Amino acid sequence: MMRTIGLIGGMSWESSAEYYRLLNEEVRRRRGGHHCARSLMLTVDFAEVEAMQRAGDWAAAGRLLVRAARTLQEGGAELVLLCTNTMHRVAGEIEAAIEVPFVHIVDATAERITAAGVTTAGLLGTRFTMEMEFYRDRMRGHGIELLVPHEPDRTLVHDVIYRELTRNRIEESSRAAYRRVIADLAARGARGVILGCTEITLLVGPEDSPVPVFDSTRIHVERAVDLALASPGA
């Protein structure tokens with residue numbers, strides 16, 4: 001039996017599409033044939049969430065995503081993924097509101113980084129992810145220290161996400177800029193780089209970095225599939 005995976009998506013839909021693709025590719029890779037993932041997806045309106053982010057109204061965002069998680073659970077989801085790094089700012093509220101497992105993206109990514117023997121990693125993501133403590137503190141709990149770009153590069157990384165990638169725009173000039181930012185993080189001592197926003201994987205990958213890349217989206221998906229295919233009681 002395969003557990004049903006619940007996906008809270010819509011932040012952005014490009015991110016959700018990437019989660020859905022990776023999830024089904026990973027299940028087929030492991031099980032072969034015509035297998036795909038048993039899943040449910042509830043997409044929220046990213047315009048509403050983005051407005052809450054800008055206003056700093058994380059409580060309202062938390063309530064919105066808690067409702068989404070509960071709806072998935074009521075629909076039959078046996079584990080829940082939040083298809084975004086930034087909104088893990090309210091992961092605690094979601095986890096406390098449901099009875100099924102919540103798969104935390106930071107924990108999954110940290111385990112992979114630790115297994116690679118890396119203790120200092122660069123982080124690319126939205127300004128919220130790079131500057132707020134929720135991501136850094138949870139990584140530090142796994143023994144991993146994070147480096148983020150200096151200004152004005154944090155603004156550049158953030159703006160490319162919101163002005164281009166979440167609108168399905170891929171610009172070569174932005175790819176070159178991200179490569180430069182990654183190289184700078186490596187020069188400052190990062191022994192790996194976390195792609196800490198789902199949309200970033202649409203722009204850069206391992207070939208764009210002088211140090212190992214940790215794709216948080218793919219890692220999150222692989223952890224979910226581990227759980228979905230695990231034997232009962234495992």
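State the extension gain, in nm to one decimal, for the chain segment bounded by Ala96 and Thr120, taking 0.36 nm per residue of separation less the distance between their alpha-carbons.
Stretched fully, the Ala96-Thr120 segment lengthens by 5.6 nm.
Output the peptides 149-155, 174-180 sorted from most to least packed, where packing is the average of other Cβ atoms within 10 Å over each peptide's residues.
Ranking the peptides 149-155, 174-180 by packing returns 174-180, 149-155.
Give the separation of the Cα centroids, the stretch 68-124 to the stretch 193-207, in Å.
The stretch 68-124 and the stretch 193-207 have Cα centres spaced 18 Å from each other.
Hey, what number do you get for the chain at 222 nm if only DSSP H runs of n ≥ 4 count, each worth -39500 (n - 2.57), divided across all residues, to the nearest 500?
-15500 deg cm²/dmol
Below 8 Å between Cα atoms, with a sequence gap of 6+, how large is the relative contact order for the chain in percent?
Across the chain, relative contact order equals 24 percent.
Which of Leu156, Leu64, Leu82 has the fewest other C-beta atoms within 10 Å, and how do the rest follow up to the most?
Taking fewest neighbouring Cβ atoms as first place, the list is Leu156, Leu64, Leu82.
Give me the percent relative contact order of the stretch 106-216, please, defined on Cα pairs under 8 angstrom at least 6 residues apart.
Answer for the stretch 106-216 is 33 percent.
If neighbour count is taken as other Cβ atoms inside 10 Å, put Ser216, Ser12 in order from fewest to most.
Going from least to most buried by this count: Ser12, Ser216.
On a 0 to 90 degree scale, rounded to 10, what angle separates helix 153-163 from the longest Cα axis of the chain?
So the helix axis and the longest Cα principal axis differ by about 50 degrees.
How many percent of all Cα-Cα pairs in the chain sit more than 22 Å apart?
In whole percent, the share of Cα-Cα pairs in the chain beyond 22 Å is 50.
Could you please rank Phe128, Phe214, placing first whichever residue has the fewest other Cβ atoms within 10 Å of its Cβ?
Taking fewest neighbouring Cβ atoms as first place, the list is Phe128, Phe214.
Values in this text are rule-based calculations from the coordinates and carry no lab data. Given the structure is predicted, the values throughout are model-derived calculations rather than measurements. Every residue, glycine among them, receives a Cβ derived from its backbone with ideal geometry; neighbour counts consider all protein chains shown.
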